[in-house]
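*Asks:* Take a look at this one; I'll ask things after.
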Amino acid sequence: MRWTLGRRSQNVEDRRGMGSPRGMRIPGGFRIPGGTGRGRVARGGGIGGIGLIILLVAAWFLGLDASFLLQGGGPVEAPYTDSQPSAPRSAEEDQLAEFVSVVLADTEDTWRPLFDQMGEQYQDPTLVLFTGEVNSACGFAQAAMGPFYCPADQKVYIDLGFYDDMRNHFGASGDFGQAYVIAHEVGHHVQNLLGIAEQVQRVRQQVGEVESNELSVRMELQADCFSGVWANHADRARNILEEGDVEEGLNAASAIGDDRMQRQAQGYVVPESFTHGSSEQRVRWFRQGLESGQLGACDTFSAERL
Ligand SMILES: [Zn+2]
């Protein structure tokens, strides 16, 4: 991906080094303000090494859709500590931080005119970089959950260590695959601004678990499609795509499908419990957005075949 000359976003909030170091804690479930504590993270005891890392990445995709789990904007406990950054950061990590800042800026430059065309006004989301754990308006979150978007504060949260796990344990490497992750979260922001997230959330509260999961899948696949829409416009306007980039994006979408994640984490697949969609579905919707460049092509809610 051609990105080094790209504009850097003004909307990055760097909170790295303010929480506990990542990987130091086993996720022990998290609090949902006013919620039911549905978070399905493993509890305590005896998990370590590779198992823990796979669990950490898998948590992003397995029923832990933070965008939904972490709703509402109630008072948040356990504020992040205000300590100084403890460990010096590597040049590689700083470059990664710059990279996500460029991707974020590119989503801003892409979505603003698209919203203008719809007679809507795009509001830039903030991207928060954190290490280990973070306090959001949606609750207290750990890196275990993977990147997420919080509608209540309109911020995307990411611990850059997620990219290591993605590469090392799910074979999803390459900068465009990394960009896709950011663009997907920004896709949730777009859903929020357009009122889609709120409508879906309302319906989800009234239906059973299977239907609720299906709505979550439709929501996620739409965010994948929006991510493709971004890539389409960004490439036309700024020629960002290089040879192999599309494959990287598709590979990332495929690597993090619910079926593959479930097989890796638990050895079998339970389609009804999908909350993000299968690898094939994620690839299909990402491609749909990428090839059409049209928001209208991303209506996953009325699509008969996902
Ligand atoms: Zn998502």
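*Asks:* With the requirement that a residue be within 11 Å of the ligand (Cβ to nearest atom) and either surrounded by fewer than 24 Cβ atoms within 10 Å (Cβ to Cβ) or among the hydroxyl-bearing types (Ser, Thr, Tyr) (or both), what does the range 204-239 give you?
*Replies:* Going through the range 204-239, the residues within 11 Å of the ligand (Cβ to nearest atom) turn out to be 216-217, 219-224, 226-227.
Listed by number, the residues that qualify are Ser216, Val217, Ser227.
*Asks:* Name every residue in the range 167-182 that is surrounded by fewer than 23 Cβ atoms within 10 Å (Cβ to Cβ) and touching a residue at least 12 places away in the same chain (Cβ under 8 Å), in order of residue number.
*Replies:* Initially, the range 167-182 is screened for residues surrounded by fewer than 23 Cβ atoms within 10 Å (Cβ to Cβ), giving 167-171, 173-175.
Scanning the range 167-182 gives Asn168, His169, Phe170, Gly171, Ser173, Gly174, Asp175.
*Asks:* Return the only residue of Val190, Val181 being modelled with pLDDT of 95 or more and within 16 Å of the ligand (Cβ to nearest atom).
*Replies:* Working: Val181 fails: modelled with pLDDT of 95 or more.
Just one listed residue meets the conditions, Val190.
*Asks:* Right, here's the next one. Sort out which residues of the range 261-283 are part of a helix (DSSP H, G or I), free of Cβ contacts under 8 Å to residues at least 60 places away in the same chain and out of contact with any Lys or Arg (no Cβ under 7 Å at 6 or more places or on another chain), and write them in order of number.
*Replies:* Within the range 261-283, Arg263, Gln266, Pro271, Glu280, Val283 qualify.
*Asks:* Evaluate the following for Val128: is it assigned to a helix (DSSP H, G or I), surrounded by 21 or more Cβ atoms within 10 Å (Cβ to Cβ) and β-branched (Val, Ile, Thr)?
*Replies:* Values: assigned to a helix (DSSP H, G or I): no; surrounded by 21 or more Cβ atoms within 10 Å (Cβ to Cβ): yes; β-branched (Val, Ile, Thr): yes.
Taking the combined requirement at face value, the residue does not satisfy it.
The values are calculated or read from the model by the stated rules, or taken from the named source; none is laboratory data. None of the values given here were measured: they were computed from a predicted structure. Virtual Cβ from ideal backbone geometry, glycine too; neighbours counted across all protein chains shown.
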